[in-house]
Amino acid sequence: MGTLLLSKGNYIDKCYDELNLSKPELIKGIHLEYLQAGAEVIETNTFGGNSFRLSKHGCVDRLVEINRRGARLAREAAKSFDALVAGAVGPLGIRIEPSASRWPR
């Protein structure tokens with residue numbers, strides 16, 4: 001999803017998950033491209049849909065709406081193809097514990 005969004009002029013400084021709300025036709029269109037190419041499973045556009053990553057883009061207050069729309073768009077596209085939808089979940093984007101190299105031995 002990210003690679004196709006980038007190739008369609010959405011630069012990496014944008015919040016790709018927020019595009020579920022501002023450009024739903026683009027997101028659904030990408031899902032349809034995958035399905036028309038023969039995909040039997042597509043992922044939601046929700047890889048960065050967590051509070052830590054969305055807060056970097058000022059979108060944390062729309063977290064639920066962004067993720068629900070991402071799931072809805074994928075399900076709508078998959079329906080006519082009888083395809084499955086997998087929820088994309090990415091990392092938080094922050095370190096939550098020290099790296100293993102810093103642990104006492």
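The values are calculated or read from the model by the stated rules, or taken from the named source; none is laboratory data. As the structure is a computational prediction, the values presented were derived from the model and not from experiment. When we count neighbours, we look across all protein chains shown, and the Cβ atoms used for this are built from the backbone with ideal geometry, even at glycine.
Per-structure values
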{"quantity": "Subset of the stretch 33-88 (residues that are more than 20 Å from residue 18 (Cβ to Cβ) and aliphatic (A, V, I, L, M))", "calculated": "35, 37, 39, 41, 78, 83, 84, 86"}
{"quantity": "Tally, over the stretch 60-85, of residues that are among the acidic types (Asp, Glu), free of Cβ contacts under 8 Å to residues at least 24 places away in the same chain and assigned to a helix (DSSP H, G or I)", "calculated": "1"}
{"quantity": "Which listed residue is within 18 Å of residue 2 (Cα to Cα), surrounded by 15 or more Cβ atoms within 10 Å (Cβ to Cβ) and modelled with pLDDT under 95, from 14, 56", "calculated": "14"}
{"quantity": "Residue within the stretch 63-83 that is surrounded by fewer than 14 Cβ atoms within 10 Å (Cβ to Cβ) and either touching a Phe, Trp or Tyr at 6+ places or on another chain (Cβ under 8 Å) or closer than 17 Å to residue 13 by Cα (or both) present", "calculated": "no"}
